Amino acid sequence: MTGNIAARRYARALFALGKNSGLPELEAWSADLASLRAAASQSPDLLRVFRNPIFSTDEKKRVLEQLAAGLGLKAPVLNFCLLLADKGRLGEIEAIISAFDSLLDEEKGVLRGELYTAVPLDQARQAEISARLEAQLKRSLVLEFGVKPEILGGFVLKVGDLMQDAGLKAQLSILKDTIKRGE
């Protein structure tokens, strides 16, 4: 829990700094952070170096500077990462990036969500569902679509803190409980 609090604080600090420069700058920083996240996910050893106390702060900084040169990171993002190295928080970079992205979504009025169905949906159906949900929510929505055959039919929707389980499996479970109670 402490790590999440620290990650949100660092993300808010970076976001506040970037907000002074405007939304385009925030989006550019987000892109840089996304490329850093992609590099870390492609190389698990990189995250191990960031998290391992055996490596000195200077060694971590050298790795960061080489990585930044290869990825073409902007100076403020690199400086922020170097600060994280100084403060011993580089191992939390993924949580910090996620918190930063959440702040950017909030600033842009974008909601993120997931929609799971029992069978894959074609692109046209996905676009139709996204448009309907955006109209209902009156906000821009970025939906990730997934398949979970165990729900049997229907869908499970998660948007922010809200969840709607309209899957056949859940409906059958409710019906079973109702029958057991004799209603």
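The values are calculated or read from the model by the stated rules, or taken from the named source; none is laboratory data. Keep in mind it's a predicted model, so treat the numbers as computed, not measured. Glycine also receives a Cβ, built like all others from the backbone with ideal geometry; neighbour counts cover every protein chain displayed. Only protein heavy atoms, including side chains, enter the accessible area calculation; ligands, DNA and RNA are left aside. Shrake-Rupley method; radii C 1.70, N 1.55, O 1.52, S 1.80 Å.
Condition (residue is without any contact (Cβ under 8 Å) to a residue 60 or more places away in the chain, in a strand (DSSP E or B) and open to solvent by less than 70 Å² (accessible area, probe 1.4 Å)) applied to the range 121-137: is it met by at least one residue? Checking the range 121-137: not a single residue is without any contact (Cβ under 8 Å) to a residue 60 or more places away in the chain, in a strand (DSSP E or B) and open to solvent by less than 70 Å² (accessible area, probe 1.4 Å). Val49 satisfies every condition listed in (1) among the β-branched types (Val, Ile, Thr); (2) surrounded by fewer than 16 Cβ atoms within 10 Å (Cβ to Cβ); (3) outside any loop (DSSP other than H, G, I, E, B) except (2).
Kindly establish whether Glu106 is at pLDDT below 90, open to solvent by 30 Å² or more (accessible area, probe 1.4 Å) and closer than 17 Å to Arg9 by Cβ. So Glu106 passes the test. Taken residue by residue, the range 62-69 has no member that is open to solvent by 20 Å² or more (accessible area, probe 1.4 Å), under 26 Å from Lys108 (Cα atoms) and aliphatic (A, V, I, L, M).
Only residues that are aliphatic (A, V, I, L, M), open to solvent by less than 80 Å² (accessible area, probe 1.4 Å) and under 19 Å from Leu82 (Cβ atoms) were counted across the range 1-30, and they come to 7. Taking the criterion of being in contact with a Leu (Cβ under 6 Å, 6 or more places away or on another chain) and of a type outside the set (A, V, I, L, M, F, W, C), the residues of the range 135-159 that qualify are Arg139, Gly153, Gly154.
With respect to the conditions (1) of a type outside the set (D, E, K, R); (2) surrounded by 14 or more Cβ atoms within 10 Å (Cβ to Cβ); (3) closer than 27 Å to Asp105 by Cβ, Gln171 lacks only one, and its number is (3).
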